[in-house]
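Worksheet: one structure, shown below.
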């Protein structure tokens, strides 16, 4: 199963984690870590992962790699709206575009970790 973790963390925390990972790599630690995508705050996460985009992810995962046009037909939505959502999800790293131009969800599981008291 391929999994991605969604985290809410500050830019400072993100870079501190990157420095720690670099130190582990320099020390020879090659243990793979789960993929993660960080957002600065819950507001940004919710702005990125809207209900329509969540349906898009689920539909794409269930139906395999699709062109944006085919995906818009599956979703019964207009092409421009789906195209805009795909652009946001590509930028966030939640979907990928293959060499033939089709988009796909590489994750079978998306988990989110957040704390209520974390300020952005």
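Side notes on the structure shown:
- All positions within the range 63-109 that are within 15 Å of the chain's Cα centre (by Cα) and assigned to a loop (DSSP other than H, G, I, E, B): 93, 94, 95, 105, 106, 107, 108
- Of the candidates 20, 40, the single residue that is more than 15 Å from residue 106 (Cβ to Cβ) and either surrounded by 11 or more Cβ atoms within 10 Å (Cβ to Cβ) or touching a helix residue (DSSP H, G or I) at 6+ places or on another chain (Cβ under 9 Å) (or both) is 40.
- Which listed residue, of 76, 102, is surrounded by 16 or more Cβ atoms within 10 Å (Cβ to Cβ) and more than 27 Å from residue 9 (Cβ to Cβ): 102
- Condition met for residue 53 (surrounded by fewer than 17 Cβ atoms within 10 Å (Cβ to Cβ), modelled with pLDDT of 95 or more and touching a helix residue (DSSP H, G or I) at 6+ places or on another chain (Cβ under 7 Å)): no
- Test: residue 95 is farther than 22 Å from residue 2 by Cα, touching a residue at least 12 places away in the same chain (Cβ under 8 Å) and crowded, with 17+ Cβ neighbours inside 10 Å: no
- Residue match in the range 69-91 (condition: at positive phi and free of Cβ contacts under 8 Å to residues at least 60 places away in the same chain): yes
The values are calculated or read from the model by the stated rules, or taken from the named source; none is laboratory data. All figures in this text were calculated on a predicted structure; none of them were measured in a lab. Positions of Cβ are generated from backbone atoms using ideal geometry, with glycine treated the same way; all protein chains shown enter the neighbour counts.
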